[in-house]
1. Which condition from (1) under 17 Å from Arg110 (Cα atoms); (2) under 13 Å from the mean Cα position of the chain (by Cα) is the one that Lys56 breaks?
2. Looking at segment 124-137, which of its residues are among the aliphatic types (A, V, I, L, M) and either in contact with a Ser or Thr (Cβ under 9 Å, 6 or more places away or on another chain) or open to solvent by 80 Å² or more (accessible area, probe 1.4 Å) (or both)?
3. Give the residue, chosen from Val138, Val129, that is within 19 Å of Glu78 (Cβ to Cβ) and touching a residue at least 24 places away in the same chain (Cβ under 8 Å).
Amino acid sequence: MSSKRTKGVAVVYPIVYGNVATLLPQKKVPDSDHTHRWTVSVKGLNGADISHFVKKVTFKLHETYSNPVRVVEQQPFEITETGWGEFELSIKLQFVEPSEKHVTLYHNLRLHPYEEDGSISTANKNKPVQSFQYEELVFTDPS
Ligand SMILES: O=C(Nc1ccc(C(=O)N2CC(c3nccs3)C2)s1)[C@@H]1CCCN1
């Protein structure tokens, strides 16, 4: 990678971050209050590999999780856990380009299928819940 940067040029990297969640079968949680398995992830569009520009992703879970700071240094940049509730987690992206400052995103973990009015849907309990956001990372004067 050359050290020379190209002035006045911006490179846009689209990413998608968020979570999927599925209800745990009741029989598998006899001694636990955990009701769902969820995976939080950061990917490119259509699941594209982002490791050509993302070096490391740090997921910060709720402090009640063991080792709540989870560092992932290779694709796929994701964490899978079980739990019983929804909470905000942070996602810190560090980049391959050493001059690019890290970016921290925030995501509200979603476990329940909500209706338009915010009530919890009782539709298909076995259908995975998905909650993802689209973001564009803009790198200026790339090398
Ligand atoms: O739910 C919520 N906060 C949550 C924080 C952590 C949650 C969780 O699921 N877990 C902690 C982890 C552990 N279980 C056992 C030992 S550590 C499984 S839920 C809030 C409260 C009101 C609305 N949302």
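1. (1)
2. The first filter runs over segment 124-137 and keeps only residues among the aliphatic types (A, V, I, L, M), leaving 129, 137.
Across segment 124-137, the qualifying residue is only Val129.
3. Val129
The values are calculated or read from the model by the stated rules, or taken from the named source; none is laboratory data. Predicted model only: the values in this text are computed from it and were never measured. Please note: Cβ atoms are built from the backbone with ideal geometry, for glycine as well, and neighbour counts cover all protein chains shown. Quick note on the areas: whole protein, heavy atoms, side chains included, nothing else; ligands and nucleic acids left out. Shrake-Rupley method; radii C 1.70, N 1.55, O 1.52, S 1.80 Å.
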